[in-house]
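**Q** Quick one: the structure is below, and I'll ask about it shortly.
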Amino acid sequence: MMINTSAKVSLSEAAENFSRVAQMVDEQGSVVILKNNTPRYLLIEYSQAEDLQTASDEEVLSVSSRLIEKNHAAYEVLAK
């Protein structure tokens with residue numbers, strides 16, 4: 001996911017005018033909300049959050065390969 005760090009608003013601005021911030025998300029994909037001039041929150045579309053929760057096939061295969069390699073001896077014992 002690409003985060004547009006140029007789309008930033010203060011926490012007070014987000015609280016006062018949430019509909020404008022939501023429109024920014026619709027147009028730019030994400031908005032960083034600052035608290036005390038420090039990035040604190042990230043507002044994204046719900047569909048993007050769902051995509052982040054799902055691991056890709058490549059990620060699952062990568063983790064599986066590392067676990068098999070790390071626990072090779074245990075798998076050898078179990079295979080007997």
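The values are calculated or read from the model by the stated rules, or taken from the named source; none is laboratory data. Values in this document were obtained by computation on a predicted structure and should not be read as measured data. We place every Cβ from the backbone using ideal geometry, glycine too, and count neighbours over all the protein chains shown. To get the accessible areas, we keep the full protein, side chains included, count just its heavy atoms, and leave off ligands, DNA and RNA. Shrake-Rupley method; radii C 1.70, N 1.55, O 1.52, S 1.80 Å.
**Q** Hey, which of the helices (runs of 4 or more DSSP H) in the stretch 7-80, taking only ones fully inside, have at least 3 residues that are open to solvent by 100 Å² or more (accessible area, probe 1.4 Å), of a type in the set (D, E, K, R) and out of contact with any strand residue (DSSP E or B) (no Cβ under 8 Å at 6 or more places or on another chain)?
**A** Once the helices (runs of 4 or more DSSP H) in the stretch 7-80 are filtered for at least 3 residues that are open to solvent by 100 Å² or more (accessible area, probe 1.4 Å), of a type in the set (D, E, K, R) and out of contact with any strand residue (DSSP E or B) (no Cβ under 8 Å at 6 or more places or on another chain), what remains is 57-70.
**Q** May I ask you to list pairs of residues, at least six apart or on different chains, whose Cβ atoms are under 8 Å apart, with the first in the stretch 43-72 being under 30 Å from Ile33 (Cα atoms) and the second being part of a helix (DSSP H, G or I) and open to solvent by 100 Å² or more (accessible area, probe 1.4 Å)?
**A** So the pair list comes out as Glu45/Asp26.
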